[in-house]
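What follows is a short report on a single structure.
The values are calculated or read from the model by the stated rules, or taken from the named source; none is laboratory data. This is a predicted model, so every value here is computed, not measured. Glycine also receives a Cβ, built like all others from the backbone with ideal geometry; neighbour counts cover every protein chain displayed. For accessibility, only protein heavy atoms count, side chains too; no ligands or nucleic acids. Shrake-Rupley method; radii C 1.70, N 1.55, O 1.52, S 1.80 Å.
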Amino acid sequence: MAIAEQVIKPDFEARKRHFIFTDEHEQLRESVRSFALRELAPHAEEWEETTFPDWVFRRMGELGFLGLSYPEEYGGQGGDYYSNLVLAEEIGHANSGGLAMGIAVHTDMATPPIFKFGTEEQKQRYLVPSIKGEKISCLGITEPDAGSDVAGIKTRALRDGDDWVINGSKVYITNGTRADYIVLVTKTDPDAGYDGFTLFLVDTDTPGFIVEKKLEKLGMHASDTALLAFDDMRVPGDAVLGEVGKGFYHIMWELQGERMIGAAGCVAGAQRVFDRTLKYALERKAFGREIGHFQVIRHKFAEMATKIEAARQLVYTTAWRFQNGEYPVREISIAKLFAARIAVEVADECIQIHGGAGYMKEYGVERAWRDLRLNRIGAGTDEVMLDVIGRSYGL
Ligand SMILES: Cc1cc2nc3c(=O)[nH]c(=O)nc-3n(C[C@H](O)[C@H](O)[C@H](O)COP(=O)(O)OP(=O)(O)OC[C@H]3O[C@@H](n4cnc5c(N)ncnc54)[C@H](O)[C@@H]3O)c2cc1C
């Protein structure tokens, strides 16, 4: 062997794909990315003002993106859990955090409980059209008086003959102004502790379902967020999703998928704002050189890259456990906590590296920060994640 061939040099451009992904995932990655870049990203700025339109659901349904891991018999693609990660990562190329969230609520939050706990009739009625993008879903857990404390919700479902009558309200509901149905968490027996909750599938045109308000928010402007009220909303017995009295456990299961997909979105979001900022740091000059070549700035990138890579490995390894039949609540909480934190730290540092430009709308870095900031609150706050992790050690 020639001497030159024995010299091993680092190849920073060689990106070996992670072992959880196959060629099929990479093809999927390519198609989601090109769809997002071609059909969504050109509208991103406009949708910050108007919220993204409903046709996005139908178009993604046509392309098969709304049912990647659902079985083919329901119109899904029959893929594994990693396909959902690919979607969560690549849809970010739409350059619209709000859009990514609205879609994730549909694919990874509202529809999974229907697939997991629903009757065949419910799957045909809600899951199949949701996968086609013909029905839009939302998920109602949070209430004006209870968010982190899910068990403290007050929305009450009372049995009345074969029907149930529901009264109460939900707040901060993503897709809430446009959804065709809601996966609704209610209390059915206030004396039964954690066994007193029940999920319902409710059409939003049911009399008594009221969209009180579309809420204004810090970021995620392309998504709609609603305050909802239920006034003597009568639903039939077959609207119960899963088991009567087991809604709390059902929704805790749902939250694990929600946190996983949120964590994946955080890593992808952090990577994108990193990439954009790297480009800027190699172009912007101060004191006669590109700012990226100042050691202080170089080290900021090194710190950010380390955080992003650590979060990515946490997410992928936890997803691997999830895919392989484990229910790794502790690790999911760790991944969600860490990914959300570092995403916000990275976005904040990227604003700093941009200087005044980072504070301007034009560069999109401030929007990345505003959008990513939600992740330390939504799907369970940092403090709740810490509590879940701590309690998992019997503390
Ligand atoms: C843009 C957006 C979209 C959302 N979409 C949805 C949706 O589609 N569906 C839905 O159901 N919900 C949704 N949410 C709600 C979100 O999940 C809640 O906001 C979140 O769970 C926190 O609940 P909360 O707002 O009531 O805060 P609170 O529970 O009132 O918490 C306030 C503060 O107290 C802290 N705290 C609470 N309990 C503890 C504790 N035990 N120990 C230490 N600290 C604690 C919290 O960490 C937080 O800092 C959304 C929220 C936002 C902002």
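Considering only 62, 283, 243, the Gaussian network model of the chain with Cα springs below 10 Å gives its largest mean-square fluctuation to 283. With Cα atoms as the point set, the radius of gyration and Dmax of the stretch 67-167 evaluate to 16.0, 50 Å. In order along the stretch 276-286, phi translates into HN-Hα couplings of 5, 6, 4, 4, 4, 5, 8, 9, 6, 10, 8 Hz, rounded to whole numbers, per the Karplus curve 6.51 cos²θ - 1.76 cosθ + 1.60 with θ = phi - 60° and x for Gly and Pro. Most simply put, the chain has about 85% antiparallel DSSP beta bridges, counting only bridges with both residues inside it.
Rounded to the nearest 5, the antiparallel percentage of DSSP beta bridges internal to the stretch 164-247 is 95%. Each label was represented as a point 7 Å from its Cα along the Cα-to-Cβ direction; for residue 46 and residue 238 these points are 4.1 nm apart.
The modelled label-to-label distance between residue 39 and residue 290, using points 7 Å beyond Cα along the C-beta direction, is 3.6 nm. Once all protein chains are placed together, residue 299 keeps about 100 Å² accessible to a 1.4 angstrom probe. Relative to the dominant Cα principal axis of the chain, helix 295-323 is inclined by about 40°.
Of the cross-linked pairs 307/336; 170/217; 213/361; 170/361, which ones have a Cα-Cα span greater than 21 Å in the structure shown? Those over the limit are 213/361; 170/361.
Give me the number: length gained by fully extending residue 357 to residue 210, i.e. 0.36 nm times residue separation minus the C-alpha to C-alpha distance, one decimal in nm. Please report the intermediate quantities before stating the final value.
Values: separation 147, 0.36 × 147 = 52.92 nm, distance 4.21 nm.
Full extension of this stretch gives 48.7 nm more.
Rounded if a/c is under 1.5, else prolate if a/b beats b/c, else oblate: with a ≥ b ≥ c from the C-alpha gyration tensor eigenvalues square-rooted, which is the stretch 266-395? Before the final figure, lay out each step's value.
Working: a/c = 2.75, a/b = 2.21, b/c = 1.25.
In terms of gyration-tensor shape, prolate.
Take every Cα pair under 8 Å whose residues are at least 6 apart in sequence, average their separation, divide by the length of the stretch 101-226, and the relative contact order is 24 percent. Residues in the stretch 181-218, backbone N under 18 Å from the label point at residue 377 (7 Å along the Cα-to-beta-carbon vector): list them, ranges by number please. Residues passing the 18 Å test: 213-218.
Amide H contacts of residue 241 (H built 1.01 Å from N, in plane; Pro and chain starts excluded): 199, 200, 201 sit under 5 Å, all sequence-distant by 5 or more or on other chains. Shape verdict for the stretch 168-216, please, from the Cα gyration tensor: rounded (a/c under 1.5), prolate (a/b greater than b/c) or oblate. The shape class here is prolate. Largest GNM mean-square fluctuation among 252, 260, 60, using the chain with Cα springs under 10 Å: 252. Once backbone amide H atoms are built at 1.01 Å from N, residue 212 has 227, 228, 229 as its partners under 5 Å, excluding neighbours fewer than 5 places away on the same chain. Which lysines have a Cα less than 21 Å from the Cα of residue 132, not counting those fewer than 8 places away in the same chain? Result set, ordered by chain and number: 116, 123. Taking the square roots of five times each eigenvalue of the Cα gyration tensor of the stretch 205-286, the equivalent ellipsoid has semi-axes of 42, 20, 8 Å, listed largest first.
As a check on your grasp of the helix formula, calculate [θ] at 222 nm for the chain: sum -39500 (n - 2.57) over DSSP H runs of n ≥ 4, divide by the residue count, round to the nearest 500. Don't skip to the answer; put the middle values down first.
Details: 14 runs with 177 residues, N = 395.
The per-residue figure over the chain is -14000 deg cm²/dmol.
Sorted into 10 angstrom bins from 0, the C-alpha pair distances of the chain split as 5, 22, 32, 25, 11, 4, 2, 0, 0 percent.
What the Cβ-Cβ distance of residue 310 and residue 62 gives, at R0 = 45 Å and to the nearest 0.05, is a FRET efficiency of 0.75. Could you list log10 I(q)/I(0) for the stretch 1-76 at q = 0.17 Å⁻¹, which the Debye formula gives when each Cα is one point scatterer? Once normalised to I(0) and log-transformed, intensities are -0.86. Contact order, relative form, for the stretch 87-137: 29 percent (alpha carbon pairs under 8 Å, 6 or more residues apart, mean separation divided by residue count).
Residues in the stretch 264-269 carry Karplus couplings, in order, of 4, x, 5, 4, 5, x Hz; the curve used is 6.51 cos²θ - 1.76 cosθ + 1.60 with θ = phi - 60°, and Gly or Pro positions show x.
Rounded to the nearest 10 degrees, the inclination of helix 382-391 to the longest alpha-carbon principal axis of the chain is 80 degrees. The 3J(HN,Hα) values that the Karplus relation (6.51, -1.76, 1.60; θ = phi - 60°) gives for the stretch 41-50 are, in residue order, 3, x, 9, 3, 5, 4, 6, 5, 8, 9 Hz. Gly and Pro appear as x.
As a test, work out the antiparallel percent of DSSP beta bridges whose residues both lie in the stretch 194-346, rounded to the nearest 5. Walk me through the intermediate numbers first.
On the way: 9 of 10 bridges.
In the stretch 194-346, DSSP labels about 90 percent of beta bridges as antiparallel.
How much length is gained on full extension from residue 191 to residue 321, taking 0.36 nm per residue of separation minus their Cα-Cα distance?
On the way: separation 130, 0.36 × 130 = 46.80 nm, distance 3.60 nm.
So the chain would gain 43.2 nm between residue 191 and residue 321.
Under 5 Å between amide hydrogens, built in the peptide plane, is the criterion, and for residue 139 it picks out 174, 183 among residues at least 5 positions away or on other chains. Taking the longest Cα principal axis of the chain as reference, the axis of helix 23-35 is set at about 90 degrees. Using the 1.4 Å probe convention, the accessible area of the chain works out to 47 Å² per residue with neighbouring protein chains retained.
Can you give the FRET efficiency for residue 387 and residue 145, using 1/(1 + (r/R0)^6), R0 = 22 Å, r = Cβ-Cβ distance, to the nearest 0.05? Present the calculation step by step, with values, prior to reporting the outcome.
Values: r = 19 Å, r/R0 = 0.88.
Computed FRET efficiency for residue 387 and residue 145: 0.70.
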